[in-house]
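Asker: Sharing a structure, written as C-alpha coordinates. Questions coming.
The values are calculated or read from the model by the stated rules, or taken from the named source; none is laboratory data. Predicted, not measured: the structure shown is a model, and the values here were computed from it. Don't worry about glycine lacking a Cβ; one is built from the backbone with ideal geometry, like all the others, and counts go over all protein chains shown.
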Amino acid sequence: MTNTPESDLETDPPASELDRLGSRIESDLGPASSPFNPVAEGSDRLAVEIAAETDVREVFRMIEAEPDVTGTIAVVRFGGHAQWTITCENGDIVSVEYETDDHWRPRRTVDVWFADSLVFVGIGVVLVGLLTAVLGVAVPTPMSGSNALLAVGLGGVLLLAGVLLRILRALLGWHRSNLQLWTNKRYDVVPGEYVPAFDGLPPRDRAVVVSIETAKERVNDLLAVPPAIESLVATSVFAYLLVVAYLAVGPLAVVLIGLFPFVSFVLSVVVIPRYLVSITSAPESNQLYHFLDELHEGDGDQPLVRLIGNADDPIDEHLPAAYPWENLVVLPRRIVETFEPAELKAVLAHEYAHLRHHPVEWHAIAVGTAFVLPGLALLVTPVAPTAAQLWAGLVGYLLAVEVGNRFVCRRWDRTADAFAAERTSPIAAATAILRLTDRPVLDWPLTDHDTWIDQRTVPEAHSAPGHRFVRLVRLASNSDET
(Lines give C-alpha, C1' and ligand atoms only; values in the text may rest on other atoms or scores of the structure.)
Protein backbone atom coordinates (compact mmCIF):
# COMPACT_ATOMS: atom_id res chain seq x y z
CA MET A 1 0.00 0.00 0.00
CA THR A 2 1.43 3.36 -1.05
CA ASN A 3 1.28 6.20 1.39
CA THR A 4 0.24 9.50 -0.14
CA PRO A 5 1.95 12.60 1.26
CA GLU A 6 -0.35 14.91 3.18
CA SER A 7 0.65 17.75 0.89
CA ASP A 8 -0.93 15.91 -2.05
CA LEU A 9 -4.31 15.37 -0.36
CA GLU A 10 -7.20 17.64 -1.50
CA THR A 11 -8.64 19.45 1.49
CA ASP A 12 -11.36 22.06 1.75
CA PRO A 13 -10.00 25.53 2.35
CA PRO A 14 -10.59 26.81 5.87
CA ALA A 15 -13.83 28.72 6.30
CA SER A 16 -13.37 32.46 6.32
CA GLU A 17 -14.88 34.77 8.92
CA LEU A 18 -17.44 35.77 6.29
CA ASP A 19 -18.42 32.13 5.71
CA ARG A 20 -18.75 31.47 9.42
CA LEU A 21 -20.90 34.60 9.83
CA GLY A 22 -23.13 33.43 6.97
CA SER A 23 -23.61 30.07 8.65
CA ARG A 24 -24.57 31.75 11.92
CA ILE A 25 -27.06 34.03 10.16
CA GLU A 26 -28.66 31.04 8.45
CA SER A 27 -28.75 29.08 11.69
CA ASP A 28 -30.26 31.87 13.81
CA LEU A 29 -32.39 33.77 11.31
CA GLY A 30 -32.98 31.43 8.38
CA PRO A 31 -36.39 29.95 7.53
CA ALA A 32 -36.97 26.72 9.44
CA SER A 33 -39.22 25.27 6.75
CA SER A 34 -36.74 25.76 3.94
CA PRO A 35 -33.13 25.13 4.96
CA PHE A 36 -30.75 27.15 2.83
CA ASN A 37 -26.98 26.96 2.95
CA PRO A 38 -24.99 30.15 2.48
CA VAL A 39 -23.74 30.43 -1.10
CA ALA A 40 -20.27 31.80 -1.60
CA GLU A 41 -20.07 34.14 -4.58
CA GLY A 42 -16.35 34.76 -4.34
CA SER A 43 -13.86 35.15 -1.56
CA ASP A 44 -15.48 38.32 -0.25
CA ARG A 45 -19.15 37.88 -1.16
CA LEU A 46 -21.85 35.67 0.32
CA ALA A 47 -25.61 35.14 -0.15
CA VAL A 48 -27.81 34.14 2.78
CA GLU A 49 -31.56 33.75 3.30
CA ILE A 50 -33.54 34.92 6.30
CA ALA A 51 -37.07 34.06 7.44
CA ALA A 52 -39.92 36.15 6.07
CA GLU A 53 -40.68 37.76 9.44
CA THR A 54 -37.06 38.59 10.31
CA ASP A 55 -36.15 42.22 10.89
CA VAL A 56 -33.02 43.12 8.93
CA ARG A 57 -31.71 44.91 12.04
CA GLU A 58 -30.99 41.50 13.53
CA VAL A 59 -28.60 40.88 10.62
CA PHE A 60 -26.97 44.26 11.24
CA ARG A 61 -26.35 43.35 14.88
CA MET A 62 -24.80 40.00 13.99
CA ILE A 63 -22.44 41.67 11.51
CA GLU A 64 -21.39 44.37 13.96
CA ALA A 65 -20.65 41.72 16.58
CA GLU A 66 -17.89 40.33 14.32
CA PRO A 67 -15.00 42.83 14.19
CA ASP A 68 -12.97 40.73 11.74
CA VAL A 69 -15.61 40.36 9.02
CA THR A 70 -14.99 42.12 5.71
CA GLY A 71 -16.94 41.60 2.52
CA THR A 72 -20.40 41.80 0.97
CA ILE A 73 -23.45 39.85 2.15
CA ALA A 74 -26.55 39.55 -0.02
CA VAL A 75 -29.44 38.95 2.39
CA VAL A 76 -32.53 37.49 0.72
CA ARG A 77 -35.85 37.36 2.54
CA PHE A 78 -37.61 34.00 2.30
CA GLY A 79 -40.04 34.24 -0.60
CA GLY A 80 -37.73 36.53 -2.52
CA HIS A 81 -39.71 39.75 -2.11
CA ALA A 82 -36.79 41.79 -0.82
CA GLN A 83 -33.01 41.67 -0.86
CA TRP A 84 -30.40 43.73 0.93
CA THR A 85 -26.77 43.99 -0.15
CA ILE A 86 -24.68 44.82 2.90
CA THR A 87 -21.06 45.78 2.57
CA CYS A 88 -19.00 45.61 5.74
CA GLU A 89 -15.38 46.28 6.64
CA ASN A 90 -13.90 44.98 9.88
CA GLY A 91 -17.36 44.60 11.37
CA ASP A 92 -18.49 48.09 10.40
CA ILE A 93 -21.37 48.37 7.95
CA VAL A 94 -20.18 50.61 5.12
CA SER A 95 -23.22 50.57 2.85
CA VAL A 96 -26.69 49.05 2.60
CA GLU A 97 -28.64 48.77 -0.64
CA TYR A 98 -31.99 47.11 -1.15
CA GLU A 99 -34.15 45.99 -4.02
CA THR A 100 -37.54 44.30 -4.34
CA ASP A 101 -39.03 42.12 -7.03
CA ASP A 102 -42.20 42.71 -8.99
CA HIS A 103 -44.37 41.50 -6.09
CA TRP A 104 -43.95 44.84 -4.34
CA ARG A 105 -47.06 46.98 -4.54
CA PRO A 106 -48.06 49.96 -2.49
CA ARG A 107 -51.22 48.76 -0.78
CA ARG A 108 -53.61 51.30 0.61
CA THR A 109 -55.26 50.79 3.95
CA VAL A 110 -58.68 51.31 2.38
CA ASP A 111 -59.87 50.59 -1.15
CA VAL A 112 -62.83 52.71 -2.17
CA TRP A 113 -65.06 50.16 -3.84
CA PHE A 114 -68.34 51.34 -5.31
CA ALA A 115 -70.18 48.13 -4.44
CA ASP A 116 -69.29 48.39 -0.74
CA SER A 117 -70.57 51.97 -0.66
CA LEU A 118 -73.86 50.89 -2.25
CA VAL A 119 -74.24 48.16 0.35
CA PHE A 120 -73.60 50.57 3.22
CA VAL A 121 -75.98 53.25 1.91
CA GLY A 122 -78.62 50.59 1.21
CA ILE A 123 -78.41 49.32 4.79
CA GLY A 124 -78.89 52.87 6.08
CA VAL A 125 -81.98 53.51 3.93
CA VAL A 126 -83.47 50.14 4.90
CA LEU A 127 -82.94 50.95 8.59
CA VAL A 128 -84.77 54.27 8.21
CA GLY A 129 -87.68 52.58 6.43
CA LEU A 130 -87.93 49.77 8.96
CA LEU A 131 -87.69 52.20 11.86
CA THR A 132 -90.58 54.18 10.39
CA ALA A 133 -92.67 51.09 9.64
CA VAL A 134 -92.22 49.60 13.12
CA LEU A 135 -92.61 52.77 15.19
CA GLY A 136 -95.26 54.21 12.90
CA VAL A 137 -97.75 51.68 14.23
CA ALA A 138 -97.81 53.39 17.65
CA VAL A 139 -96.31 56.88 17.23
CA PRO A 140 -96.22 59.63 14.61
CA THR A 141 -93.23 59.49 12.27
CA PRO A 142 -91.85 61.89 9.64
CA MET A 143 -92.81 59.50 6.83
CA SER A 144 -96.06 57.77 6.07
CA GLY A 145 -96.37 54.00 5.94
CA SER A 146 -96.23 54.00 2.14
CA ASN A 147 -93.09 56.12 2.15
CA ALA A 148 -91.54 53.79 4.71
CA LEU A 149 -92.18 50.82 2.42
CA LEU A 150 -90.72 52.83 -0.46
CA ALA A 151 -87.57 53.52 1.61
CA VAL A 152 -87.24 49.83 2.44
CA GLY A 153 -87.62 48.95 -1.23
CA LEU A 154 -85.11 51.59 -2.37
CA GLY A 155 -82.61 50.53 0.26
CA GLY A 156 -83.12 46.90 -0.69
CA VAL A 157 -82.39 47.70 -4.34
CA LEU A 158 -79.18 49.52 -3.43
CA LEU A 159 -78.16 46.71 -1.11
CA LEU A 160 -78.88 44.07 -3.76
CA ALA A 161 -77.03 46.05 -6.44
CA GLY A 162 -73.95 46.27 -4.21
CA VAL A 163 -74.04 42.56 -3.44
CA LEU A 164 -74.45 41.64 -7.12
CA LEU A 165 -71.51 43.85 -8.07
CA ARG A 166 -69.36 42.10 -5.50
CA ILE A 167 -70.44 38.69 -6.86
CA LEU A 168 -69.70 39.79 -10.44
CA ARG A 169 -66.32 41.06 -9.38
CA ALA A 170 -65.52 37.70 -7.83
CA LEU A 171 -66.81 35.71 -10.83
CA LEU A 172 -65.20 37.88 -13.52
CA GLY A 173 -62.00 38.56 -11.64
CA TRP A 174 -62.43 42.31 -11.78
CA HIS A 175 -59.63 44.36 -10.32
CA ARG A 176 -60.55 46.96 -7.73
CA SER A 177 -59.90 49.64 -10.32
CA ASN A 178 -63.21 48.55 -11.93
CA LEU A 179 -66.30 50.33 -10.66
CA GLN A 180 -64.44 52.33 -8.03
CA LEU A 181 -65.54 55.79 -7.03
CA TRP A 182 -62.27 56.86 -8.60
CA THR A 183 -59.48 54.89 -10.24
CA ASN A 184 -56.60 53.98 -8.00
CA LYS A 185 -54.59 51.09 -9.40
CA ARG A 186 -51.65 49.33 -7.85
CA TYR A 187 -48.35 50.63 -9.13
CA ASP A 188 -44.89 49.23 -9.66
CA VAL A 189 -42.77 51.65 -7.66
CA VAL A 190 -39.62 51.72 -5.64
CA PRO A 191 -40.57 51.40 -1.96
CA GLY A 192 -40.86 54.85 -0.48
CA GLU A 193 -40.94 56.56 -3.87
CA TYR A 194 -44.05 58.52 -2.92
CA VAL A 195 -42.87 59.42 0.57
CA PRO A 196 -41.43 62.95 0.61
CA ALA A 197 -37.87 63.06 1.98
CA PHE A 198 -37.61 59.26 2.10
CA ASP A 199 -34.45 59.38 0.01
CA GLY A 200 -33.01 61.75 2.60
CA LEU A 201 -32.91 58.98 5.19
CA PRO A 202 -29.64 57.09 5.65
CA PRO A 203 -29.56 53.88 3.56
CA ARG A 204 -29.60 51.81 6.72
CA ASP A 205 -32.82 53.43 7.96
CA ARG A 206 -34.44 53.01 4.55
CA ALA A 207 -33.52 49.32 4.61
CA VAL A 208 -35.12 48.94 8.06
CA VAL A 209 -38.36 50.58 6.90
CA VAL A 210 -38.56 48.32 3.83
CA SER A 211 -37.79 45.31 6.02
CA ILE A 212 -40.74 46.09 8.29
CA GLU A 213 -43.12 46.74 5.41
CA THR A 214 -42.22 43.76 3.23
CA ALA A 215 -42.76 41.41 6.19
CA LYS A 216 -46.44 42.40 6.27
CA GLU A 217 -48.80 40.10 4.45
CA ARG A 218 -52.23 41.48 5.24
CA VAL A 219 -53.99 43.91 2.95
CA ASN A 220 -56.94 45.78 4.38
CA ASP A 221 -59.86 45.42 1.99
CA LEU A 222 -62.36 44.78 4.75
CA LEU A 223 -63.41 48.39 5.24
CA ALA A 224 -63.95 49.71 1.74
CA VAL A 225 -66.45 52.50 2.40
CA PRO A 226 -65.28 56.13 2.30
CA PRO A 227 -65.42 57.55 5.81
CA ALA A 228 -67.44 60.50 4.53
CA ILE A 229 -70.21 58.18 3.31
CA GLU A 230 -69.97 56.07 6.45
CA SER A 231 -70.30 59.14 8.71
CA LEU A 232 -73.14 60.66 6.67
CA VAL A 233 -75.20 57.47 6.67
CA ALA A 234 -74.66 56.69 10.36
CA THR A 235 -75.36 60.30 11.37
CA SER A 236 -78.49 60.47 9.21
CA VAL A 237 -79.95 57.31 10.75
CA PHE A 238 -79.20 58.48 14.30
CA ALA A 239 -80.68 61.92 13.58
CA TYR A 240 -83.80 60.28 12.18
CA LEU A 241 -84.16 58.25 15.38
CA LEU A 242 -84.00 61.50 17.37
CA VAL A 243 -86.66 63.08 15.14
CA VAL A 244 -89.00 60.12 15.66
CA ALA A 245 -88.44 60.37 19.44
CA TYR A 246 -89.18 64.10 19.35
CA LEU A 247 -92.43 63.66 17.40
CA ALA A 248 -93.58 60.74 19.53
CA VAL A 249 -92.68 61.88 23.05
CA GLY A 250 -91.08 65.31 22.94
CA PRO A 251 -87.74 66.94 23.74
CA LEU A 252 -87.24 64.81 26.84
CA ALA A 253 -86.95 61.69 24.66
CA VAL A 254 -84.20 63.38 22.64
CA VAL A 255 -82.34 64.08 25.88
CA LEU A 256 -82.71 60.48 27.06
CA ILE A 257 -81.43 59.03 23.77
CA GLY A 258 -78.50 61.45 23.86
CA LEU A 259 -77.63 60.15 27.31
CA PHE A 260 -76.64 56.75 25.88
CA PRO A 261 -73.52 58.02 24.02
CA PHE A 262 -72.82 60.41 26.91
CA VAL A 263 -72.78 57.53 29.41
CA SER A 264 -70.61 55.41 27.11
CA PHE A 265 -68.02 58.20 26.86
CA VAL A 266 -68.05 58.74 30.63
CA LEU A 267 -67.64 55.02 31.27
CA SER A 268 -64.68 54.93 28.87
CA VAL A 269 -62.77 57.45 30.97
CA VAL A 270 -63.99 56.70 34.50
CA VAL A 271 -64.78 53.00 34.81
CA ILE A 272 -62.69 51.31 32.13
CA PRO A 273 -59.29 52.59 33.40
CA ARG A 274 -60.01 51.21 36.87
CA TYR A 275 -61.10 47.92 35.34
CA LEU A 276 -57.92 47.78 33.25
CA VAL A 277 -55.79 48.09 36.37
CA SER A 278 -57.42 44.95 37.72
CA ILE A 279 -56.95 42.82 34.58
CA THR A 280 -53.47 44.00 33.57
CA SER A 281 -50.08 43.21 35.05
CA ALA A 282 -47.00 45.17 36.03
CA PRO A 283 -43.90 44.99 33.79
CA GLU A 284 -41.47 42.21 34.73
CA SER A 285 -38.40 44.36 34.05
CA ASN A 286 -37.50 47.90 35.03
CA GLN A 287 -36.84 48.98 31.44
CA LEU A 288 -40.14 50.84 31.04
CA TYR A 289 -39.69 52.68 34.35
CA HIS A 290 -36.15 53.56 33.33
CA PHE A 291 -37.60 55.10 30.17
CA LEU A 292 -40.17 56.95 32.28
CA ASP A 293 -37.40 58.37 34.46
CA GLU A 294 -35.87 59.85 31.30
CA LEU A 295 -39.22 61.18 30.03
CA HIS A 296 -40.66 62.41 33.31
CA GLU A 297 -40.89 66.18 33.51
CA GLY A 298 -41.16 66.29 37.28
CA ASP A 299 -44.72 67.60 37.38
CA GLY A 300 -46.55 65.18 39.63
CA ASP A 301 -46.14 61.49 40.32
CA GLN A 302 -44.57 59.17 37.81
CA PRO A 303 -47.24 57.36 35.73
CA LEU A 304 -48.20 53.78 36.40
CA VAL A 305 -47.43 51.39 33.53
CA ARG A 306 -49.43 48.21 33.05
CA LEU A 307 -49.24 45.48 30.39
CA ILE A 308 -52.21 43.83 28.68
CA GLY A 309 -52.51 40.74 26.52
CA ASN A 310 -49.94 38.14 25.50
CA ALA A 311 -46.76 38.37 23.47
CA ASP A 312 -48.31 36.42 20.58
CA ASP A 313 -51.54 38.44 20.32
CA PRO A 314 -52.30 40.09 16.96
CA ILE A 315 -50.84 43.58 16.89
CA ASP A 316 -54.29 45.16 16.56
CA GLU A 317 -55.90 43.28 19.44
CA HIS A 318 -54.64 45.75 22.03
CA LEU A 319 -53.52 49.34 21.49
CA PRO A 320 -51.36 51.61 23.65
CA ALA A 321 -53.51 54.00 25.67
CA ALA A 322 -53.16 56.78 28.25
CA TYR A 323 -55.62 57.61 31.04
CA PRO A 324 -54.65 60.91 32.73
CA TRP A 325 -57.18 60.73 35.59
CA GLU A 326 -55.68 57.42 36.71
CA ASN A 327 -52.15 58.52 35.75
CA LEU A 328 -52.04 55.25 33.82
CA VAL A 329 -50.39 54.03 30.61
CA VAL A 330 -51.48 50.64 29.24
CA LEU A 331 -49.19 48.94 26.72
CA PRO A 332 -49.69 45.67 24.83
CA ARG A 333 -47.30 43.02 26.10
CA ARG A 334 -46.45 42.13 22.51
CA ILE A 335 -44.77 45.45 21.76
CA VAL A 336 -42.89 45.37 25.08
CA GLU A 337 -41.37 42.01 24.18
CA THR A 338 -40.81 42.51 20.43
CA PHE A 339 -40.11 46.20 19.75
CA GLU A 340 -36.63 47.67 19.62
CA PRO A 341 -35.81 49.64 22.81
CA ALA A 342 -35.90 52.97 20.93
CA GLU A 343 -39.27 52.10 19.40
CA LEU A 344 -40.70 51.06 22.75
CA LYS A 345 -39.49 54.30 24.30
CA ALA A 346 -41.09 56.25 21.42
CA VAL A 347 -44.47 54.56 22.05
CA LEU A 348 -44.19 55.28 25.77
CA ALA A 349 -43.21 58.89 25.05
CA HIS A 350 -46.24 59.32 22.78
CA GLU A 351 -48.60 58.08 25.50
CA TYR A 352 -46.75 60.12 28.15
CA ALA A 353 -47.38 63.26 26.05
CA HIS A 354 -51.12 62.49 26.06
CA LEU A 355 -50.95 61.89 29.79
CA ARG A 356 -49.23 65.16 30.65
CA HIS A 357 -50.40 67.60 27.99
CA HIS A 358 -53.83 66.53 26.70
CA PRO A 359 -57.08 66.52 28.73
CA VAL A 360 -58.23 63.23 27.23
CA GLU A 361 -60.99 62.57 29.75
CA TRP A 362 -62.47 66.06 29.60
CA HIS A 363 -62.47 65.86 25.83
CA ALA A 364 -64.35 62.54 25.94
CA ILE A 365 -66.92 63.99 28.36
CA ALA A 366 -67.31 67.08 26.14
CA VAL A 367 -68.00 64.91 23.09
CA GLY A 368 -70.51 62.86 25.07
CA THR A 369 -72.21 66.02 26.33
CA ALA A 370 -72.59 67.19 22.72
CA PHE A 371 -75.11 64.39 22.18
CA VAL A 372 -77.29 65.66 25.04
CA LEU A 373 -77.31 69.34 24.05
CA PRO A 374 -79.86 69.10 21.17
CA GLY A 375 -82.49 67.68 23.51
CA LEU A 376 -81.74 70.30 26.17
CA ALA A 377 -81.99 73.05 23.56
CA LEU A 378 -85.41 71.78 22.49
CA LEU A 379 -86.50 71.70 26.15
CA VAL A 380 -85.56 75.28 27.02
CA THR A 381 -86.47 77.03 23.76
CA PRO A 382 -90.00 77.71 22.49
CA VAL A 383 -89.01 76.79 18.91
CA ALA A 384 -91.03 73.93 17.39
CA PRO A 385 -89.18 72.81 14.25
CA THR A 386 -90.74 70.66 11.60
CA ALA A 387 -89.48 67.11 11.17
CA ALA A 388 -87.44 68.06 8.09
CA GLN A 389 -85.91 71.11 9.80
CA LEU A 390 -85.01 69.15 12.91
CA TRP A 391 -83.49 66.26 10.92
CA ALA A 392 -81.37 68.59 8.75
CA GLY A 393 -80.22 70.56 11.78
CA LEU A 394 -79.29 67.44 13.72
CA VAL A 395 -77.34 65.95 10.80
CA GLY A 396 -75.34 69.16 10.38
CA TYR A 397 -74.74 69.48 14.12
CA LEU A 398 -73.64 65.86 14.63
CA LEU A 399 -71.32 65.97 11.61
CA ALA A 400 -69.78 69.16 13.04
CA VAL A 401 -69.22 67.36 16.36
CA GLU A 402 -67.51 64.48 14.58
CA VAL A 403 -65.29 66.79 12.53
CA GLY A 404 -64.32 68.71 15.66
CA ASN A 405 -63.56 65.49 17.52
CA ARG A 406 -61.33 64.25 14.70
CA PHE A 407 -59.56 67.61 14.45
CA VAL A 408 -58.69 67.63 18.16
CA CYS A 409 -57.56 63.99 18.25
CA ARG A 410 -55.38 64.34 15.18
CA ARG A 411 -53.80 67.53 16.46
CA TRP A 412 -52.99 65.78 19.73
CA ASP A 413 -51.50 62.86 17.82
CA ARG A 414 -49.22 65.22 15.90
CA THR A 415 -47.96 66.90 19.06
CA ALA A 416 -47.49 63.54 20.81
CA ASP A 417 -45.52 62.23 17.81
CA ALA A 418 -43.36 65.35 17.87
CA PHE A 419 -42.70 64.83 21.60
CA ALA A 420 -41.77 61.18 20.98
CA ALA A 421 -39.44 62.16 18.12
CA GLU A 422 -37.75 64.78 20.31
CA ARG A 423 -37.24 62.43 23.26
CA THR A 424 -36.07 59.46 21.16
CA SER A 425 -35.51 60.01 17.44
CA PRO A 426 -37.82 60.67 14.49
CA ILE A 427 -36.88 57.38 12.81
CA ALA A 428 -37.60 55.40 16.01
CA ALA A 429 -41.04 57.01 16.26
CA ALA A 430 -41.64 56.37 12.54
CA THR A 431 -40.73 52.67 12.66
CA ALA A 432 -42.81 52.27 15.83
CA ILE A 433 -45.85 53.51 13.89
CA LEU A 434 -45.09 51.06 11.08
CA ARG A 435 -44.93 48.20 13.55
CA LEU A 436 -48.09 49.21 15.43
CA THR A 437 -50.17 48.21 12.40
CA ASP A 438 -49.94 45.04 10.39
CA ARG A 439 -51.22 46.90 7.35
CA PRO A 440 -48.77 48.36 4.82
CA VAL A 441 -48.47 52.14 5.16
CA LEU A 442 -45.13 53.01 3.52
CA ASP A 443 -46.55 54.20 0.20
CA TRP A 444 -49.79 55.58 1.61
CA PRO A 445 -49.13 59.07 0.13
CA LEU A 446 -49.68 57.52 -3.29
CA THR A 447 -53.38 58.17 -2.70
CA ASP A 448 -53.06 61.27 -0.50
CA HIS A 449 -56.26 60.65 1.47
CA ASP A 450 -55.79 61.66 5.08
CA THR A 451 -59.05 60.15 6.25
CA TRP A 452 -58.46 56.50 5.36
CA ILE A 453 -58.19 54.60 8.59
CA ASP A 454 -58.10 50.94 9.50
CA GLN A 455 -60.49 51.06 12.45
CA ARG A 456 -59.15 47.81 13.85
CA THR A 457 -55.67 49.32 14.12
CA VAL A 458 -56.25 52.93 15.14
CA PRO A 459 -59.27 54.60 16.73
CA GLU A 460 -61.49 56.17 14.09
CA ALA A 461 -60.88 59.76 15.15
CA HIS A 462 -57.10 59.45 15.15
CA SER A 463 -54.64 60.32 12.40
CA ALA A 464 -53.95 57.79 9.68
CA PRO A 465 -50.65 55.98 10.39
CA GLY A 466 -49.30 56.68 6.90
CA HIS A 467 -49.45 60.42 7.28
CA ARG A 468 -47.98 60.34 10.76
CA PHE A 469 -45.15 58.27 9.29
CA VAL A 470 -44.57 60.83 6.51
CA ARG A 471 -44.29 63.70 9.00
CA LEU A 472 -41.74 61.77 11.06
CA VAL A 473 -39.72 60.83 7.96
CA ARG A 474 -39.48 64.53 7.11
CA LEU A 475 -38.21 65.22 10.64
CA ALA A 476 -35.69 62.36 10.41
CA SER A 477 -34.44 63.50 7.02
CA ASN A 478 -34.01 67.10 8.23
CA SER A 479 -32.20 65.98 11.38
CA ASP A 480 -29.79 63.85 9.32
CA GLU A 481 -29.05 66.79 7.03
CA THR A 482 -28.19 69.01 9.98
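Asker: Being buried (at least 19 other Cβ atoms within 10 Å of the Cβ), out of contact with any Leu (no Cβ under 7 Å at 6 or more places or on another chain) and small (G, A, S) is true for just one of A234, A245, A311. Which residue is that?
Answerer: A245
Asker: Here's another thing I want to ask about it. Just one of A253, A311, A245, A239 is hydrophobic (A, V, I, L, M, F, W, C) and part of a loop (DSSP other than H, G, I, E, B); which is it?
Answerer: Testing whether each residue is hydrophobic (A, V, I, L, M, F, W, C) and part of a loop (DSSP other than H, G, I, E, B) leaves just A311.
Asker: List, please: which pairs have Cβ atoms under 6 Å, are six or more places apart or on different chains, and start with a residue in the stretch 402-417 that is among the basic types (K, R) and end with one that is outside any helix (DSSP H, G or I)?
Answerer: Cβ pairs passing all conditions: R406/A461; R410/S463.
Asker: May I pose another question? Looking only at the stretch 365-400, count how many residues are among the hydroxyl-bearing types (S, T, Y) and surrounded by 15 or more Cβ atoms within 10 Å (Cβ to Cβ).
Answerer: 2
Asker: Suppose we keep only residues that are modelled with pLDDT under 55 and hydroxyl-bearing (S, T, Y) within the stretch 167-214. Which one would you say is surrounded by the fewest Cβ atoms within 10 Å (Cβ to Cβ)?
Answerer: Checked the stretch 167-214; the qualifying residue surrounded by the fewest Cβ atoms within 10 Å (Cβ to Cβ) is T183.
Asker: A further question on this structure: State yes or no: is L328 farther than 13 Å from L436 by Cβ and aliphatic (A, V, I, L, M)?
Answerer: yes
Asker: Would a scan of the stretch 412-420 turn up a residue that is at pLDDT 75 or above and closer than 30 Å to L376 by Cβ?
Answerer: The answer is yes, given that some residue of the stretch 412-420 is at pLDDT 75 or above and closer than 30 Å to L376 by Cβ.
Asker: Now a separate question. Within the stretch 260-300, which residues are of a type in the set (D, E, K, R), surrounded by fewer than 11 Cβ atoms within 10 Å (Cβ to Cβ) and outside any loop (DSSP other than H, G, I, E, B)?
Answerer: D293
Asker: Taking S23, is it at pLDDT 55 or above and not in a loop (DSSP other than H, G, I, E, B)?
Answerer: yes
Asker: Pairs please, first residue from the stretch 287-315 and acidic (D, E), second anywhere and part of a loop (DSSP other than H, G, I, E, B), Cβ atoms under 9 Å, 6+ apart in sequence or on different chains.
Answerer: D293/Q302; D301/N327
Asker: Checking the condition modelled with pLDDT under 80, β-branched (V, I, T) and surrounded by 20 or more Cβ atoms within 10 Å (Cβ to Cβ), which residue from V163, V128, V134, V110 passes?
Answerer: Sole residue among the options that is modelled with pLDDT under 80, β-branched (V, I, T) and surrounded by 20 or more Cβ atoms within 10 Å (Cβ to Cβ): V110.
Asker: Let me ask something else about it. Being closer than 18 Å to E361 by Cβ, at pLDDT 85 or above and out of contact with any His (no Cβ under 9 Å at 6 or more places or on another chain), is that true of even one residue in the stretch 226-249?
Answerer: Scanning the stretch 226-249 turns up no residue that is closer than 18 Å to E361 by Cβ, at pLDDT 85 or above and out of contact with any His (no Cβ under 9 Å at 6 or more places or on another chain).
Asker: In the list A428, A342, which residue meets the criterion of being closer than 30 Å to G200 by Cα, modelled with pLDDT of 90 or more and surrounded by 22 or more Cβ atoms within 10 Å (Cβ to Cβ)?
Answerer: A428
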